[in-house]
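First comes the structure, then the notes that go with it.
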Amino acid sequence: MRTRLQIGWTPAEPTPVDGDIAERIERAHELLDGKRVVALTGAGISTESGIPDYRSPGAPARTPMTLEMFLSSPEFRRHYWARNHVGWRHMDAAQPNVAHRALTDLQRQGRLSGVITQNVDMLHTKAATRRVLELHGCYGRVRCLHCDWRISRHRLAHELEALNADFAARVGGRGAIEVAPDADAAVQDTSDFTMIDCPQCAGIIKPDIVYFGESVPKQTVQQAFSMVDDADALLVVGSSLTVMSGLRFARHAHRTGKTLVIVNRGATRADDIADLTIDHLASVVLPALTGADITVRA
């Protein structure tokens, strides 16, 4: 089996949280008041739901999945699916945290028009947020790269469990399993795992997730730009905007005169064009933006 290509993803440099957090939240209220807001969310909004990310200060260095890796060999795909067979359950069990629910509250208040998310964890959907555009797909769908046959991840799990009786239990019994942000569990011995091909054309099946090195579908990008165009302000939450798939929307908002507010732990690539940055946890800032009576943690 080919070794996974070493494309490192380096965590951001640690930064202190803003000491004037109450003042910054008040300023965010002023900037967003009366405006139609669309949110752009990244992995940082989901870390408090137990889903790790790649870029937050203090996160371990990781090598994310790329399309080249996935297509490299049948052995690698078997290894990947064995790890995913264990790891996807962690993501499926995750629940929305107060930041996800705060965005839903903002929407119910008529202040949030929708969410563009870089996350594949489906937590916005679980939080009952409407008009959620998943830029990078989601873990809950699987499709064939050749004929576009599709199956839910839950249904595929039943088929894989029938072929790999007790595999997840056997691996889990060896101790704690580290799970990456893309639901890839750190399992080394996968030689006895059996994977399936597409039942319609025998093609390669893949999670309906945009891997690193893969392009977001043009129609999805166009929908995202339309959501930004229809809004008065863009609220970025939990994204360092390191990759262009998210950064382009912040730049577009700035170019078109939209208000740009960024809530993130650590610096982002759009800090220099933002009207306001708040370096703090989304779980602290977003509930305060809804008007909830909370004590802001320093």
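Quick notes on this one:
- Close pairs (8 angstrom Cβ cut-off, 6 or more residues apart or separate chains): in contact (Cβ under 8 Å) with a residue 40 or more places away in the chain and buried (at least 22 other Cβ atoms within 10 Å of the Cβ) in the range 69-93, of a type in the set (Val, Ile, Thr) and part of a helix (DSSP H, G or I) anywhere: Val86/Val171
- Neighbours by Cβ (under 7 Å, 6+ apart or cross-chain): first from the range 189-213, under 20 Å from Arg170 (Cα atoms); second among the polar types (S, T, N, Q) and at pLDDT 90 or above: Phe193/Asn164; Thr194/Asn164
- In the range 241-264, the residues that are at pLDDT 95 or above, open to solvent by 10 Å² or more (accessible area, probe 1.4 Å) and closer than 23 Å to Glu48 by Cα: Asn264
- Selection count, the range 120-136, where residues are among the β-branched types (Val, Ile, Thr) and not in a loop (DSSP other than H, G, I, E, B): 2
- Failed condition for Tyr139, given (1) open to solvent by less than 20 Å² (accessible area, probe 1.4 Å); (2) modelled with pLDDT under 95; (3) in a helix (DSSP H, G or I): (3)
- Candidate set from the range 96-121 (those that are surrounded by 21 or more Cβ atoms within 10 Å (Cβ to Cβ) and aliphatic (A, V, I, L, M)); member that is modelled with the lowest pLDDT: Val120
- The residue of the range 32-61 that is modelled with the lowest pLDDT, among those that are surrounded by 19 or more Cβ atoms within 10 Å (Cβ to Cβ) and over 21 Å from Glu134 (Cβ atoms), is Ala59.
- Of all residue pairs spaced 6 or more apart or on separate chains, those with beta-carbon atoms under 6 Å, a first member in the range 279-293 that is open to solvent by 20 Å² or more (accessible area, probe 1.4 Å) and a second member that is modelled with pLDDT of 95 or more are Thr290/Ala102; Thr290/Asp105; Thr290/Leu106.
- Take the conditions (1) exposed (fewer than 12 other Cβ atoms within 10 Å of the Cβ); (2) at pLDDT below 95; Asp148 misses just one of them, which is (2).
The values are calculated or read from the model by the stated rules, or taken from the named source; none is laboratory data. All values derive from a computational prediction rather than experimental measurement. Virtual Cβ from ideal backbone geometry, glycine too; neighbours counted across all protein chains shown. When the accessible area is computed, the model is the full protein with side chains, heavy atoms only, and any ligands, DNA or RNA have been set aside. Shrake-Rupley method; radii C 1.70, N 1.55, O 1.52, S 1.80 Å.
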